[in-house]
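**Q** Can you keep this structure in mind? I'll have questions shortly.
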Amino acid sequence: MRVEHREPELDGAAAVRTPGVVAAGALLAVAVVLTALNLRPAITGVGPMLAEMRTDLGASVVWAGVLTTLPTLCFAGAGLAAPLLARRAGVGAAIAIALAALGAGLVLRVLDGPVVVLGGTLVATAGIALINVLIPVVIKDSFPARIGVLTGVYTAALQGGGALGSAVTPRLGDALGGWRPALGSWAVLAVVALLVWIFAARGTGRAPRPADGAAAGRSLLRNRLAWIVTGFFGLQAFYAYAAMGWFPQVLMDAGVPRDDAGLLFGLVSLIAVPISLVVAPMAARQRGQSGWIVGLGVFGVAGTAGLMLAPSWSPLLWSILVGLGMSTFSLALTVIALRARTGADTARLSGMAQGFGYLFAALGPFLFGLLHDLAGGWAVPLGMLLGLLGVQLTFGALAGRHRFV
């Protein structure tokens with residue numbers, strides 16, 4: 001018997017549409033949103049405080065580079081370990097453990113010197129990486145009829161949390177007296193999410209389930225579609241991390257004032273919020289998502305080409321187009337859930353796509369900067385991104401077709 005025939009019982013059968021079950025499902029959705037809000041402030045809050053941290057700690061530029069690269073590497077390593085933890089503890093318990101690790105890491109990294117900061121960041125971002133992989137499983141198992149809607153809401157909350165981290169952390173530093181209480185205060189949000197998560201998972205029969213032991217040994221490493229999805233995820237993440245690391249500098253070198261460049265790149269991040277809320281649910285209702293993926297990707301091609309050929313002509317237009325192109329992230333998460341038949345396969349596909357994908361993405365900022373130094377300008381690294389976007393469109397079109405791993 002195919003598992004998807006049983007899934008409607010979890011979310012759509014009339015027999016379980018009681019007020020209690022509906023309320024429990026709503027609470028679980030709230031827990032997902034609160035969890036998503038925690039997944040970026042630990043990372044985006046560091047940038048605005050980095051100079052103050054280095055001065056206070058007497059840390060080197062190399063240390064700062066390790067600190068800013070560590071999250072992506074953790075996303076890769078811990079992401080590959082997530083399916084194993086989910087099989088042993090169950091998805092719901094694994095997310096609770098990850099939230100606890102996130103909160104502990106946020107507190108730990110503000111207690112002492114440079115080594116402790118790196119260690120706390122490692123613990124916190126490992127928790128984030130586990131949640132990155134497992135939330136699509138929750139959405140697949142607990143909301144099978146609302147995959148697009150919940151993925152869109154989750155992605156929007158994730159992006160919104162990232163914007164809050166970069167915007168609010170400096171103000172917290174001013175109000176609380178420095179970078180340590182500013183960064184450490186985000187642990188409060190992690191604790192709130194953990195408490196709501198535990199209550200939601202215990203209070204509903206639709207809570208995330210442990211992976212099926214009979215299917216636990218299946219590997220997707222020889223599955224062609226799994227590698228296509230992984231390639232799509234990795235390519236869009238490579239572009240996004242290169243953009244996050246360097247596009248403000250590209251804009252400033254084109255004559256945009258520093259503050260304006262920051263606002264424009266903030267716009268790039270915020271564009272993803274409405275796109276996630278609107279496009280992901282619409283795409284998920286279709287049999288295939290290839291057209292949506294390619295459509296958003298073309299905007300990214302146009303924006304990147306504009307930055308390469310005429311960066312000073314219309315920085316606002318190029319930023320909007322790049323933001324639309326980067327919004328394929330929500331579709332990448334949607335595709336992970338839609339290309340798997342079961343929660344167990346979703347966990348494996350999510351771990352594979354995000355593990356290998358983020359490992360590839362970690363090269364993005366490094367290669368972009370290296371090509372700039374070698375070529376003496378931005379045309380060559382932007383040309384590299386254009387070429388990768390072309391490959392991303394191909395992988396995205398294939399990943400969006402109605403098939404299963």
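The values are calculated or read from the model by the stated rules, or taken from the named source; none is laboratory data. No experiment lies behind these values; they were computed from the predicted model shown. Every residue, glycine as well, gets a Cβ built from its backbone with ideal geometry; the counts of neighbours run over all protein chains shown. To get the accessible areas, we keep the full protein, side chains included, count just its heavy atoms, and leave off ligands, DNA and RNA. Shrake-Rupley method; radii C 1.70, N 1.55, O 1.52, S 1.80 Å.
**Q** For the chain, modelled as a GNM with alpha-carbon contacts under 10 angstrom, which of ILE336, ILE139, ILE97 fluctuates the most?
**A** Checking each option, the largest mean-square fluctuation is seen for ILE97.
**Q** Continuing with the same structure: Ordered by packing density, taken as the mean number of other Cβ atoms within 10 Å over each peptide's residues, highest first, how do 165-177, 37-49 rank?
**A** On the way: 165-177: 15.9, 37-49: 22.8.
Highest mean packing first, the order is 37-49, 165-177.
**Q** Shifting gears a bit: Say R0 is 41 Å: what FRET efficiency, to the nearest 0.05, do PHE366 and ALA26 get from their beta-carbon distance? Please report the intermediate quantities before stating the final value.
**A** Values: r = 43 Å, r/R0 = 1.05.
The formula returns an efficiency of 0.40 here.
**Q** Round to the nearest 0.05 the FRET efficiency obtained for PHE404 and THR69 when R0 = 45 Å and r is the Cβ-Cβ distance.
**A** 0.80
**Q** Test of understanding: what is the full-extension gain from ASP174 to ASP260, defined as 0.36 nm times their sequence separation minus their Cα-Cα distance? Don't skip to the end; give the middle numbers.
**A** On the way: separation 86, 0.36 × 86 = 30.96 nm, distance 2.22 nm.
Length gained, ASP174 through ASP260: 28.7 nm.
**Q** Report the residue, chosen from ALA272, ALA51, ALA96, that carries the largest GNM mean-square fluctuation when the chain is represented by alpha-carbon nodes joined by springs under 10 Å.
**A** In this elastic network of the chain, the residue with the biggest mean-square fluctuation among ALA272, ALA51, ALA96 is ALA51.
**Q** Could you work out Rg/(2.2 N^0.38 Å) for the range 283-392, with Rg from alpha carbons only? Write out the running numbers ahead of the final one.
**A** Details: Rg = 16.2 Å, N = 110, 2.2 N^0.38 = 13.1 Å.
The range 283-392 yields a ratio of 1.23.
**Q** Would you mind telling me the share, in percent, of accessible area of the chain contributed by carbon and sulfur at probe 1.4 angstrom? Before the final figure, lay out the partial values.
**A** Working: 11260 of 16340 Å².
Whole-percent figure for carbon plus sulfur exposure: 69.
**Q** Then there's this: Would you mind putting 296-309, 118-131 in packing order, based on average other-beta-carbon counts within 10 Å, highest first?
**A** 118-131, 296-309
**Q** Given the options VAL133, VAL335, VAL62, which has the most mean-square fluctuation in a GNM of the chain, springs set between C-alpha atoms less than 10 angstrom apart?
**A** VAL62
**Q** Any chance you could check the Cα centroid distance between the range 330-405 and the range 122-194 for me, in angstrom?
**A** Cα centroid of the range 330-405 versus Cα centroid of the range 122-194: 22 Å apart.
**Q** Could you state the angle between the C-alpha long axis of helix 61-89 and the longest principal axis of the C-alpha atoms of the chain, as a value from 0 to 90 degrees rounded to the nearest 10?
**A** With both axes taken from Cα atoms, the answer is about 10 degrees.
**Q** Using a basic spin-label model with each label point 7 Å from the Cα along Cα→Cβ, how many nm lie between LEU50 and MET252?
**A** Distance between the two pseudo-spin positions: 1.1 nm.
**Q** Taking every Cα atom in the range 221-365, find the radius of gyration and the maximum pairwise distance Dmax, and write them in Å.
**A** So, for the range 221-365, Rg and Dmax equal 16.1, 51 Å respectively.
**Q** Any idea what the dipole of the chain comes to, in debye rounded to 20, about its Cα centre with Lys/Arg Cβ at +1 and Asp/Glu Cβ at -1?
**A** 1440
**Q** Identify, among ALA237, GLY288, GLY160, the residue whose Cα sits farthest towards the positive end of the charge dipole of the chain, taking +1 on the Cβ of Lys and Arg and -1 on the Cβ of Asp and Glu, with the dipole about the Cα centre.
**A** Of the options given, the answer is GLY288.
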